[in-house]
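Worksheet: the structure to be examined is printed underneath.
Values in this text are rule-based calculations from the coordinates and carry no lab data. Please read all numbers here as calculations on a predicted model, not as lab measurements. Ideal geometry is used to build each Cβ from the backbone, glycine not excepted, and the neighbour counts take in all protein chains shown.
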Amino acid sequence: MRYFGSSGIRGIINEKIDPDLCMKIGKAIGSLFDEVIIGRDPRPHGFMVENAIISGILSQGCDVYKAGMVSTPTLAISARGFDCGVMITASHNPAEYNGVKLLNPDGRSFDTEQMELVEKLIDDPAEPVSWNEVGTSDTYRSSVEDHKTEIINRFGTDHDLKAVVDCANGAGCNITPFLLKDMGCNVVALNSNPDGKFPGHDPEPVEKNLQEIGGVVVDSGAELGFAHDGDADRLVAFDKDGRFLSGDKLLALFASRFNKKVVVPVNSSMVIEEIVDDVIRTKVGDVFVAQEIKEVNAQFGGEPSGTWIFPDISYAPDAIFAAAFLVDLAEKIDISEEIDRLPEYPSKKEGFYVDGKDEIMDRLTELYEEKIDHERLNFADGIRIGYEDGWAWIRASGTEPKIRLTAEAKDASSLKYIYDETKMKLKEVIG
Ligand code: MG
């Protein structure tokens with residue numbers, strides 16, 4: 001059976017995610033590895049999930065080290081010394097959700113093959129070990145310090161800058177404000193007491209949930225504002241005018257500092273091609289971006305949703321490293337000016353209800369392969385069609401009987417041309 005979604009196993013507590021399933025997940029992990037490290041975000045039911053998972057792991061003769069409440073990127077750093085990192089979190093989902101992300105020692109989330117193996121073992125667990133081979137459990141206290149030290153070693157401690165940090169009451173609370181303070185910053189911390197009921201605001205770091213921080217940045221005279229999601233693997237930013245910096249612009253800003261080879265998903269803005277020599281476009285999802293970074297040996301990769309991957313530190317999206325990176329950058333360049341220099345292109349999106357979305361996608365693929373120069377096509381995720389001054393992207397929805405069409409172009413008339421032409425092809429096939 002399928003348990004994993006795009007970012008681990010996730011669901012509502014005591015509906016999908018109950019102690020029985022957690023124990024089975026634990027048994028699956030325990031039968032695959034000898035030593036694992038486990039962490040959790042501050043959701044109160046994290047204890048229930050953690051204890052059930054640990055019990056399952058130990059029953060298979062695997063040892064467990066407990067890092068306590070840590071961010072996902074922090075656990076990813078500690079996972080280097082183990083066979084696997086087990087992160088209990090539902091990331092940006094509301095308080096009633098929880099889940100599990102499984103990390104490789106290099107920080108990458110489990111790939112499709114690994115997920116399928118875990119799923120097979122959840123349905124068909126291995127025999128438990130005999131009484132004298134049951135695993136042992138201990139605490140592991142240095143995760144946060146280790147992560148902070150690695151970042152400070154790169155950026156130093158003499159940053160004289162004021163920054164506002166909104167941790168959404170999530171797992172970033174015990175690291176980001178302290179790290180920035182240790183780097184020399186004057187820090188204003190919002191929603192930075194860990195509380196897995198997320199009383200400050202919904203933990204998804206999108207503009208509509210972040211009503212407070214922009215004003216605090218302006219009123220306090222800060223130069224930057226940062227906001228995390230529940231497990232602090234995502235970072236969004238505000239400039240000194242309290243302006244929300246869009247994901248595509250932030251992606252371009254980061255990428256501009258690594259202008260050799262970067263990896264981005266097929267649906268991010270073409271602004272990136274204007275500032276980076278070698279852009280590799282991959283399937284949507286930070287797991288796929290991380291895999292590709294490793295494969296092509298890129299210096300950076302990210303997604304406009306706020307996941308930033310710096311392989312120099314880890315293959316996990318590291319929002320804490322990203323905050324330190326921006327603080328360091330803000331002392332070298334004027335971030336608002338740099339953002340304003342980036343072009344902004346019009347885009348358009350629409351969803352179409354269809355019967356048999358997969359068949360339609362197959363027929364569209366054939367049609368494009370027949371008629372369009374292959375250089376212009378990317379099939380990493382749906383179909384992305386490149387034009388001289390724009391692009392279109394067609395993909396079947398993962399959750400609904402829908403096909404989605406997205407297009408972006410340098411100006412309104414090109415956008416109309418690209419969009420209408422692609423929509424016509426789509427309609428032709430839908431019939
Ligand atoms: Mg997250």
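A few notes on this one:
- Set of aspartates and glutamates near Lys402 by C-alpha distance (under 14 Å), chain-local residues within fewer than 8 positions excluded: Glu350, Asp355, Asp358, Glu359
- Inter-centroid distance (Cα atoms) of the stretch 261-288 relative to the stretch 346-408, Å: 17
- 42 Å tail of the calculated P(r), the chain, as % of Cα pairs: 16
- Between the stretch 87-110 and the stretch 148-184, the alpha-carbon center distance in angstrom: 22
- Cα centroid separation - the stretch 4-62 against the stretch 113-147, whole Å: 9
- Peptides 60-68, 3-11 ranked from most to least packed give 60-68, 3-11, packing being the mean of other C-beta atoms within 10 angstrom over each peptide's residues.
- Full-stretch length increase - Leu117, Ile333 - with 0.36 nm per residue and alpha-carbon distance subtracted: 73.1 nm
- You can think of it this way: the chain between Val134 and Arg257 has 39.4 nm of extra reach, that is 0.36 nm per residue less the Cα-Cα gap.
- Here the contact order of the chain, divided by its residue count and restricted to Cα pairs under 8 Å and six or more residues apart, works out to 12 percent.
- Taking every DSSP helix (H) stretch of at least 4 residues in the chain, weighting each as -39,500 (n - 2.57) and dividing the sum by the residue count yields a mean residue ellipticity at 222 nm of -11000 deg cm²/dmol.
- Peptides 120-131, 337-348 ranked from most to least packed, by the mean per-residue count of other Cβ atoms within 10 Å: 337-348, 120-131.
- Within a Gaussian network of the chain (alpha carbon springs, distance under 10 Å), most fluctuating of Leu364, Leu179, Leu210: Leu364
- What the Cβ-Cβ distance of Arg141 and Glu375 gives, at R0 = 56 Å and to the nearest 0.05, is a FRET efficiency of 0.55.
- Spin-label model distance (nm) - Val216 vs Asn153, 7 Å beyond Cα toward Cβ: 3.1
- In the stretch 1-84, Cα pairs under 8 Å separated by at least six residues give a relative contact order of 35 percent.
- Ignoring lysines fewer than eight residues from Lys120 along the same chain, the ones with Cα atoms less than 23 angstrom from its Cα are Lys16, Lys24, Lys27, Lys101.
- Computed over the stretch 124-219, the P(r) curve from all C-alpha pair distances, binned at 5 Å from the origin, holds 2, 11, 16, 16, 14, 11, 8, 6, 6, 5, 3, 1, 0 percent per bin.
- Gyration tensor (Cα) of the stretch 201-345, equivalent ellipsoid semi-axes in angstrom: 24, 17, 14
- Working ranking of peptides 351-362, 275-286 by packing, defined as the average number of other Cβ atoms within 10 Å per residue, highest first, is 275-286, 351-362.
- Candidate lysines for bridging to Lys148, where Cα separation is under 16 Å - those fewer than 8 sequence places away on the same chain excluded: Lys181
- Cross-link pairs beyond the 24 Å C-alpha cut-off, checked among Lys249/Lys332; Lys261/Lys348; Lys283/Lys425: Lys261/Lys348
- Mean projection area, nm², convex hull over Cα of the stretch 65-130: 6.0
- Take every DSSP beta bridge whose two residues both sit in the chain; close to 55 percent of them are antiparallel.
- When the Cα atoms of the stretch 4-109 are aligned to their principal axes, the ranges along those axes come out at 31, 27, 23 Å in descending order.
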